[in-house]
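The values are calculated or read from the model by the stated rules, or taken from the named source; none is laboratory data. These numbers were taken from a predicted model, which means no experiment stands behind them. Positions of Cβ are generated from backbone atoms using ideal geometry, with glycine treated the same way; all protein chains shown enter the neighbour counts. These accessible areas exclude ligands, DNA and RNA; they are computed on the full protein's heavy atoms, side chains included. Shrake-Rupley method; radii C 1.70, N 1.55, O 1.52, S 1.80 Å.
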Amino acid sequence: MAEGALHHESSLQQIAGQFHPPERIAGIQSLGSGNVNDTFLVRLDGEGDPPAFVMQRLNTTVFARPELVMGNLLTLGRHVQRRLASPPPELAGRRWEVPRVLAARGEAGHWVEHDGQFWRSITYIGAATTTDVIRDASHAREIGYGLGMFHHLISDLPAGELADTLEGFHVTPAYLSRYDAVLSCCSVDGASEPRLQQALEHVERRRVGVDVLEAACARGELQRRPIHGDPKINNVMIDESNGQAVGLIDLDTVKPGLIHYDIGDCLRSCCNAAGEETLDLASVRFDLSLCRSILDGYLAIGRSFLTDADLRYLPDCIRLIPFELGLRFLTDHLEGDIYFRTERPEHNLDRALVQFALTESIESQWDAISDLVQASISACPVRS
Ligand code: GN1
Ligand code: MG
């Protein structure tokens, strides 16, 4: 099972007390369903502000240089605050929030170490929620808008100002090499494990073309720039009162990358209404109309910073990123579940099969997806 810890109430209290006066801490509960870090909501008593904050243990097996992750968060926060000082017109009449890193009490730094583990705390965005499965077309459009606005606000942040905190993140050919290396060390008996065999065959049939985005980048057609890295459905906060997107959370993977990683990741997580944890593979389907709503919301903002080459590679990322996530889950299954948190044996294999079913659904609707992307691009006027 991947690094993860059972945290005792008393140590959580002690850690929270290093970020806020202990006498104000009213309760601590688990928050969200992340696969990598451990996240808690700390509620505070009294009239003072804020009423709550988010406390997280960073998984240092995944993020080997946590101080660089914190540096990126601070750089991002400063940049976006500057941008919001004169907000873009698309934000008129809207609320937009950015989680801020909180300083530890009485210390110069922004994190504390407890029993060799790395803890930090960030602001909590109130009156907003996330869901694991998309509700309807208007929710989809808001998710697209949210990702578009996030990208817009960092589109002028030089990539060189962000550290590469997770080398090879979303570089599909690198995941394939890792998979090959892991596979060469395991003995897999396909006959007795038909589900595993099905997953292995899925990968074998898709080796060609896994470098489509990296090759375009190497040719200079696509450029690395700041991205979110993990803009899945439950990382886009939605205002409870008006249903509008108000910000993206889970900023640990903000770093230089291709914008297509983000768009592909957002679409793969939102357009599969069965969700990535389903056990009913027959219900996994890439929903074209949700895809259209998300792209419309995204491109309404994104046309201002996307190049023609960026637009050309949109269909490729829709196909590639679910395949890549399936490959990552499958590799982790073969390696003994050392990266993603699991709750049962074969959990990562189950997850891999969901992403592969989604990839097959995308492939079977390929022409329709390409037409839909084109129609969405044509429907959005270019802005300057
Ligand atoms: C991980 O921990 P969480 O759930 O925010 C992973 C993402 C995957 C996602 C799949 C750093 O994100 O890349 O898309 O699981 N994060 C990292 O649910 O690997
Ligand atoms: Mg994440």
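With contacts taken as Cα pairs under 8 Å at a separation of at least 6 residues, the stretch 9-124 carries a relative contact order of 26 percent. Set Lys and Arg Cβ to +1 and Asp and Glu Cβ to -1, take the dipole of the chain about its Cα centre, and tell me which of 59, 98, 80 lies farthest positive. Of 59, 98, 80, it is 80. Annotation for residue 113 and residue 277: the two label points, set 7 Å from Cα along the Cα-Cβ direction, are 3.3 nm apart. Under the simplified labelling scheme, the residue 305-residue 366 pair shows an inter-label distance of 3.1 nm, with each label point 7 Å from Cα along Cα→Cβ.
Remark: the residue 163-residue 346 segment gains 62.5 nm on full extension, using 0.36 nm per residue and subtracting the alpha carbon distance. Shown here for the stretch 181-259: GluC sites (Glu not before Pro) in loop regions (DSSP other than H, G, I, E, B) with at most 14 other Cβ atoms within 10 Å, namely 240.
Magnitude of the charge dipole for the stretch 286-371, about its Cα centre and with charges confined to Cβ atoms of Lys, Arg (+1) and Asp, Glu (-1), is about 220 debye.
Magnitude of the charge dipole for the chain, about its Cα centre and with charges confined to Cβ atoms of Lys, Arg (+1) and Asp, Glu (-1), is about 1020 debye. For the stretch 330-384, the set of GluC sites (Glu not before Pro) satisfying both a DSSP loop assignment and a count of at most 16 other C-beta atoms within 10 Å is given as 343, 346.
A 1.4 Å probe run over the protein chains yields, for the chain, 42 Å² of accessible area per residue, whole-number rounding. Taking the chain as a Gaussian network of alpha-carbon nodes connected by springs under 10 Å, the highest mean-square fluctuation of the residues 38, 252, 310 belongs to 310. The residue 11 and residue 67 beta-carbon pair, evaluated with R₀ = 30 Å, returns a calculated FRET efficiency of approximately 0.85. Go through 116, 281, 243 and say which Cα lies farthest out towards the positive end of the charge dipole of the chain; charges sit on Cβ, +1 for Lys and Arg, -1 for Asp and Glu. Value computed over the given set: 243.
Over the chain, what is the mean sequence separation of C-alpha contacts under 8 Å (at least six apart), divided by residue count, expressed as relative contact order in percent? Here the relative contact order equals 20 percent.
If you wrap the tightest convex hull around every Cα atom of the stretch 30-118 and split its volume per residue, you get 163 Å³. Note on the chain: helix-only mean residue ellipticity at 222 nm, from DSSP H runs of 4+ residues weighted -39500 (n - 2.57) and normalised by residue number, equals -13500 deg cm²/dmol. The residue 379 and residue 92 beta-carbon pair, evaluated with R₀ = 22 Å, returns a calculated FRET efficiency of approximately 0.55. Within the chain, the longest run free of trypsin sites (Lys or Arg not before Pro) that sit in a DSSP loop with at most 11 other Cβ atoms within 10 Å is 1-204.
Among 137, 352, 273, the residue with the largest mean-square fluctuation in a Gaussian network model of the chain, with springs joining Cα atoms closer than 10 Å, is 137.
GNM on the chain, alpha-carbon springs under 10 angstrom: the most fluctuating residue among 191, 104, 245 is 191.
The eigenvalues of the Cα gyration tensor, multiplied by 5 and square-rooted, give the chain an equivalent ellipsoid with semi-axes of 32, 27, 19 Å from largest to smallest. Shown for the chain: the carbon plus sulfur share of the solvent-accessible area, taken with all protein chains present and a 1.4 angstrom probe, equals 51%.
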